């Protein structure tokens, strides 16, 4: 339902970039004669570019023609191939000029290149045609080709596949789950086990964050609550793998007269509750299991059976944590997931791979898996698709100075609800190359448990923020209570919230986002080329 909106918003950055035309021998393009001047000069329009040409053949004002660069040395020489009116079959004529067959795929491709004002050569038509031959959805594939040209990317099969995987509607969350399921049926080789471990890490990032917070709450309750609550919290901790006597130091410290000083001393002790690596890892892992059962509503393992009172106590804590989830927690999860996926491992191995634990990240493990033989074709295809999807994200991130573009699609978990987060960010750079926090355009796309498909578009102009929220649910009333807090928090960061607009989407209708058109500088200062 909202796919048309997000696709339109995501295309803003691509459509804002003009396809820059360069004259290279053999390149073919479609141009319109905008004006005829005295002394055989004419104004030609190629896409968004205007140029002056000296005519050596007769052209008609307002007509469109096919040209080919005949020479790119000295004065640019163009060869007239045909005009749009010629027999009404100009794609076939162009293909004949290039000694290429007039197949339906080739004709559709040339028509598309003509419509989108994309110049091409025989070689690029051959490459593009090969990319299109393996798919039935030519419309989407042609738009990917347009995107490649607009971003100045090399026309290659690998880049095409990466962008295609990014455009694929299958969320990365689903692809990782499918990979996990398929790996369970594979021979348990070292690389398969490493991939399974990497997937487990990604799955449990938020649960480990919650586990740490839960442990901290339990620890505090052993001394700060009533005697009954202290006993319950100690019992829960014991069942999570912590012996009661290990709490004695902490309890003693909390009851001391110099509370703050002794707390600080306690936290730096090697035997402190959380600081001890062996205790910490054991209890965190067990707490993660409890949280997983809490989310799945399953019965905990026998060695973690809680009394009804303990279950209610844990549920109350987790429900409170769910209500108090904040932006910092989500940002932390975002960073951890991005790192664990290995989206940027190529940059990390150029620096210090050991520092970033590259060998534990999913993407480099997938690449290693694909380089090995003996794995099933089914799993190889899933792994290849996942690598392409990650590579596509990197390709979507580009620098069109002075604008920087970032694109992310990552799996996240919000209290047991597994979903996808898509984020597109465009921002200005300052003269020193750093990001200017005063200007940016951010797009978030989430499929939420209760709000379902939701898009948040945020525009920042001179630290003034405008927000558009698109949702299948009516969230305006629900959001009313948190808007004042949002305003205050933004003001603390020296931003001003100007307006929030809520749009409930109830039918399949496309929302068109109009972009500002740029005036083309038509100043003439000499002859650009000769025809």
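The values are calculated or read from the model by the stated rules, or taken from the named source; none is laboratory data. Worth saying up front: this structure is predicted, and the values here are computed from it rather than measured. Positions of Cβ are backbone-derived with ideal geometry, glycine not excepted, and every protein chain shown enters the neighbour counts.
Of everything in the range 29-42 that is crowded, with 18+ Cβ neighbours inside 10 Å and more than 19 Å from residue 120 (Cα to Cα), the residue that is nearest to the chain's Cα centre (by Cα) is 33.
Per-residue answers, yes or no, for (1) under 30 Å from residue 189 (Cβ atoms); (2) crowded, with 18+ Cβ neighbours inside 10 Å:
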position: 377; (1), (2): yes, no
position: 382; (1), (2): yes, yes
position: 394; (1), (2): yes, no
position: 399; (1), (2): no, no
position: 403; (1), (2): no, no
position: 410; (1), (2): yes, yes
position: 415; (1), (2): no, no
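Residue selection: residue 73 fails the criterion of being surrounded by 15 or more Cβ atoms within 10 Å (Cβ to Cβ) and modelled with pLDDT under 85.
Look at residue 429 and say whether it is in contact with a strand residue (DSSP E or B) (Cβ under 9 Å, 6 or more places away or on another chain), more than 18 Å from residue 180 (Cα to Cα) and at pLDDT below 90. Answer is yes for this residue.
Can you find a residue in the range 519-526 that is at pLDDT below 50 and farther than 30 Å from residue 53 by Cβ? Checked against the condition, which is being at pLDDT below 50 and farther than 30 Å from residue 53 by Cβ, the range 519-526 yields no hits at all.
Listed by position, the helices (runs of 4 or more DSSP H) inside the range 87-162 whose residues that are over 21 Å from residue 69 (Cβ atoms), under 29 Å from the mean Cα position of the chain (by Cα) and in the same structural domain as residue 25 (by TED's automatic domain parsing) number at least 3 are 122-132, 138-150.
Any chance the range 471-482 includes a residue that's touching a helix residue (DSSP H, G or I) at 6+ places or on another chain (Cβ under 7 Å), surrounded by 14 or more Cβ atoms within 10 Å (Cβ to Cβ), closer than 24 Å to residue 407 by Cα and assigned by TED's automatic domain parsing to the domain that holds residue 413? Taking every residue of the range 471-482 in turn, none turns out to be touching a helix residue (DSSP H, G or I) at 6+ places or on another chain (Cβ under 7 Å), surrounded by 14 or more Cβ atoms within 10 Å (Cβ to Cβ), closer than 24 Å to residue 407 by Cα and assigned by TED's automatic domain parsing to the domain that holds residue 413.
Looking across the range 22-80, the residues that are at positive phi and either free of Cβ contacts under 8 Å to residues at least 24 places away in the same chain or not assigned by TED's automatic domain parsing to the domain that holds residue 125 (or both) come down to 39, 40, 74. Once the range 196-227 is narrowed to residues that are under 15 Å from residue 309 (Cβ atoms) and modelled with pLDDT under 80, the residue that is farthest from the chain's Cα centre (by Cα) is 227.
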